Amino acid sequence: MLLKDKVAVITGGAGQNGLGFATARMMAEQGARVVILDLAVADPQAAAARLGAQHLGLVADVTDKASCEAAAAQIKAAMGRIDILVNNAGITQPVKFLDITGSDYDRILDVSLRGTLYASQAVLPTMIAQNSGSIVCISSVSAQRGGGILGGPHYSAAKAGVLGLARAMAREYGGNNIRVNCVTPGLIATDINKGKIPDDKRQAILDGIPLGHIGEPNDVAGCVVFLASDLSKYCTGITLDVNGGMLIH
């Protein structure tokens, strides 16, 4: 098993049809003890229970630094270590550039970008003390191509910020044997975009994907597991595209 005896933390991982839970399930299958962090309304305890009794679900708000630090302390106390962090929490909003309000901007960037900062800051002291760790950040093809699918320009900006933040972390913490990498999913069939693709645009979108179909959560989860595992032990600061060829560069 690729992640035997590893402790993996996944933010925003409680949604049963989301990328986070798909990753949590696959990591558990690969031997990891998984901790799902999410808001109370998402019920992370129930999500963790679906994986098995050895896994843990904690309520945490990634936009609140104290909440992230409290969760990290609970994880360290319960599990003894933190080997993997998946910065998955994120929200989107389909809105045109001139219609973005200040509150829209703050809300979207807070979860994806500030959340990546705070969650990473919370686990890094433990990883530094261990002299090992792998952080995987979920960005988006939207960051690379400038949106144009479902999320607004502020979503593209937030996910582009994740790429820059991850690369800076990779450079700073490589000497501590901590790897930081990104995954940029394309269009994936999750609850976040369910019912949001108009029928008249669906075929045009598919025509722009060389593999000819929308991705599944497990397509992304498999790549996250790869980056979290020792199979990628000489990879840091990379961006792994999972988009069916939607963006080839």
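The values are calculated or read from the model by the stated rules, or taken from the named source; none is laboratory data. Owing to the predicted nature of the structure, the values given are computational and were not obtained by experimental measurement. Every residue, glycine as well, gets a Cβ built from its backbone with ideal geometry; the counts of neighbours run over all protein chains shown.
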Can you confirm whether region 6-15 contains a residue that is charged (D, E, K, R), at pLDDT 95 or above and under 16 Å from Gln54 (Cα atoms)?
-> yes
Restricting region 48-60 to residues that are in contact with a Leu (Cβ under 9 Å, 6 or more places away or on another chain) and surrounded by 21 or more Cβ atoms within 10 Å (Cβ to Cβ), the residue that is nearest to Ala22 (Cα to Cα) | Ala48
Output the residue which, of all residues in region 25-53 that are assigned to a loop (DSSP other than H, G, I, E, B) and of a type in the set (A, V, I, L, M, F, W, C), is nearest to the chain's Cα centre (by Cα).
-> Leu39
Residue selected from region 196-221 under the condition surrounded by 16 or more Cβ atoms within 10 Å (Cβ to Cβ) and touching a residue at least 60 places away in the same chain (Cβ under 8 Å), by the criterion farthest from Leu150 (Cα to Cα) = Ala221
Could you name every one of the strands (runs of 3 or more DSSP E) located completely within region 54-159 that has at least 3 residues being in contact with a strand residue (DSSP E or B) (Cβ under 9 Å, 6 or more places away or on another chain) and in contact (Cβ under 8 Å) with a residue 40 or more places away in the chain?
-> 84-87, 133-138
Of the residues in region 190-215 that are aliphatic (A, V, I, L, M) and assigned to a helix (DSSP H, G or I), the one that is farthest from the chain's Cα centre (by Cα) is Ala204
Can Arg167 be described as basic (Lys, Arg), at pLDDT below 95 and part of a helix (DSSP H, G or I)?
-> no
Would you say Ile75 is over 21 Å from Ala228 (Cα atoms), crowded, with 23+ Cβ neighbours inside 10 Å, at pLDDT 95 or above and not hydroxyl-bearing (Ser, Thr, Tyr)?
-> no
Region 115-145, residues that are under 11 Å from Lys159 (Cα atoms) and touching a Ser or Thr at 6+ places or on another chain (Cβ under 7 Å) = Cys137, Ser139, Ser140, Val141, Ser142, Ala143, Gln144
Flagged in region 216-247 as touching a strand residue (DSSP E or B) at 6+ places or on another chain (Cβ under 8 Å), in a loop (DSSP other than H, G, I, E, B) and not small (Gly, Ala, Ser), in numbering order, are Glu216, Lys233, Cys235, Thr236, Ile238, Asn243, Leu247
Unique residue being within 18 Å of the chain's Cα centre (by Cα), within 30 Å of Gly151 (Cα to Cα) and surrounded by fewer than 21 Cβ atoms within 10 Å (Cβ to Cβ) when the list is Asp99, Asp64 | Asp64
Quick check, is Arg179 surrounded by fewer than 20 Cβ atoms within 10 Å (Cβ to Cβ), at pLDDT 95 or above and not small (Gly, Ala, Ser)?
-> no
In region 6-18, how many residues are over 12 Å from Ile36 (Cα atoms) and either touching a strand residue (DSSP E or B) at 6+ places or on another chain (Cβ under 8 Å) or not in a loop (DSSP other than H, G, I, E, B) (or both)?
-> 1
The residue that is farthest from Val242 (Cα to Cα), considering only those in region 7-31 that are crowded, with 24+ Cβ neighbours inside 10 Å and free of Cβ contacts under 8 Å to residues at least 60 places away in the same chain, is Ala14
Output for region 120-146, where each listed residue is over 24 Å from Asp64 (Cα atoms), over 15 Å from the mean Cα position of the chain (by Cα) and buried (at least 21 other Cβ atoms within 10 Å of the Cβ) | none
